[in-house]
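S.K.: After the structure tokens below, expect a handful of questions from me.
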Amino acid sequence: MPQFFLNKRLILLLVSIIFLVALIGYSLKEDRQLTWPEQFVKDSTGLFQTVFHKPAQYVAGFFENVGDLKNTYEENKLLKSKIDEHMKIETELQELKRDNVKLRAELGAEESLRKYNPIVATLIARNPDPGRWFDLITIDKGSQHGIQKDMAVITDKGLIGKIKNTSKFNSTVQLLSSPDRKNRIAAEIQGKEGQPNIFGLIEGYDEKKKALLLKKIESDVKIEKGQKVVTSGSSGIFPEGLVIGEVMEVEPDSYGLSQMAYIKPEADLYDIDRVFVTERVKETIDIDNMDPEEEEE
């Protein structure tokens, strides 16, 4: 009995295969007419594709656009971070360039000030009150570093003031522009070739003109705009020849007995960062290398 069912299944499988092959062969004929079941299935499939094709494309396109938008957002975020990084690098580069120029200038000033034994210091405090901005500043060096009262304070451009008082680790600097009436500096206007220098005193500061006031100038001397003004060294406090500024204009004093010159400071009194504190160095004579005739004199 099992053998009979096995043969029956085998015969049924063979008949099915033959029928399937025949059906495939029949359906592959090009000139045959479709049966109504085939037409129904084909029409139903076409209608289904027509109805659902466009919405499916729209949904697929929507998700594709969402993906593109997400990619665009990520790319935009990346580009923005790169632009920010580039701007940061550019800012740092400009800052380094400015520091480089400033340090070169300061190095040159330090080399030219070797005879004054300069002490390099940095500004650490300044009164933000507009009325006190041009009065006093505080630097990070004091008596521990060899700084003493009345030492000259300069930048790479020129003189800005003197040491007013010191503590162990910092000092107060009185600027040239300080309104203190006792803040006087012996100065001289450098004469042109073959002409003597013109002496006066720096006393006060004109905030409107942003100029130092050089007073006590003889009334009969001729002064021209642009002439340089330096320390005279006659006070015994400041070294001789420290640059102060240049003449802007000249006018007689209120009594007509002398002249007053407006001096444009060479150093920027508004923006101060690093300074040099200098001391007056006494010249010494090298006895060992003196000419015998000079020694006799």
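S.K.: Heavy-atom accessible area of Tyr270 with all protein chains present, probe 1.4 Å, nearest 10 Å²?
M.R.: We get 140 Å² for Tyr270.
S.K.: What does the net charge come to around Leu175 if you take all other residues with beta carbon closer than 11 Å to its beta carbon, with K and R at +1 and D and E at -1?
M.R.: On the way: positive: Arg126, Arg132, Lys162, Lys164; negative: Asp135, Asp180.
That sum, taken over residues with Cβ under 11 Å, equals +2.
S.K.: In terms of modelled amide H atoms, which long-range or inter-chain residues lie less than 5 Å from the amide H of Asn127?
M.R.: The answer is Leu136.
S.K.: Separate question: For a protection proxy built on the mean count of beta-carbon atoms within 10 angstrom, sort 177-187, 250-260 highest first, please. Intermediate values should be presented prior to the final figure.
M.R.: On the way: 177-187: 17.2, 250-260: 12.8.
Top to bottom by mean Cβ count within 10 Å: 177-187, 250-260.
S.K.: Can you put Glu90, Glu188, Glu75 in order of accessible area, largest first, using a 1.4 Å probe?
M.R.: Values: Glu90 75, Glu188 15, Glu75 115 Å².
My answer, sorted largest first, is Glu75, Glu90, Glu188.
S.K.: Turning to a different aspect of this structure: Give me the 1.4 Å probe accessible area per residue for the range 185-265, excluding ligands and nucleic acids, in Å². Could you put the intermediate results ahead of the total?
M.R.: Details: 4440 Å² over 81 residues.
The answer is 55 Å² per residue.
S.K.: May I ask you to order 189-202, 143-156 by the average number of other C-beta atoms within 10 Å around their residues, highest value first? Working shown, then result.
M.R.: Numbers: 189-202: 15.4, 143-156: 18.6.
The packing order, highest mean first, is 143-156, 189-202.
S.K.: Going through the cross-link list Lys141/Lys182; Lys141/Lys210; Lys228/Lys264, which pairs have a Cα-Cα distance over 21 Å in this structure? Spell out each step's value before the answer.
M.R.: Working: Lys141/Lys182 24 Å; Lys141/Lys210 28 Å; Lys228/Lys264 10 Å.
Pairs exceeding 21 Å: Lys141/Lys182; Lys141/Lys210.
S.K.: Which of the peptides 127-137, 159-169 is most tightly packed, and how do the rest follow, judged by the mean count of other Cβ atoms within 10 Å per residue? Spell out each step's value before the answer.
M.R.: Numbers: 127-137: 14.0, 159-169: 18.8.
Going from most to least packed, we get 159-169, 127-137.
S.K.: Please report the carbon-and-sulfur percent of the accessible area for the range 179-255; probe 1.4 Å, protein heavy atoms only, DNA, RNA and ligands left out. Please list the in-between numbers first.
M.R.: Details: 2230 of 4700 Å².
C and S fraction of accessible area: 47 percent.
S.K.: Next question, about the same structure. With a 1.4 Å probe and all protein chains kept in place, how much accessible area does Val277 have, in Å² rounded to the nearest 10?
M.R.: Rounded to the nearest 10, the figure is 0 Å².
S.K.: Follow-up question, since we're still on this one. Test of understanding: what is the full-extension gain from Arg274 to Asp150, defined as 0.36 nm times their sequence separation minus their Cα-Cα distance?
M.R.: Details: separation 124, 0.36 × 124 = 44.64 nm, distance 1.84 nm.
Length gained between Arg274 and Asp150: 42.8 nm.
The values are calculated or read from the model by the stated rules, or taken from the named source; none is laboratory data. Bear in mind the structure is a predicted one, so any value in this text is a computation, not a measurement. Every residue, glycine as well, gets a Cβ built from its backbone with ideal geometry; the counts of neighbours run over all protein chains shown. Ligands, DNA and RNA are stripped out before the accessible areas are found, and what is left, the full protein with its side chains, is counted by its heavy atoms. Shrake-Rupley method; radii C 1.70, N 1.55, O 1.52, S 1.80 Å.
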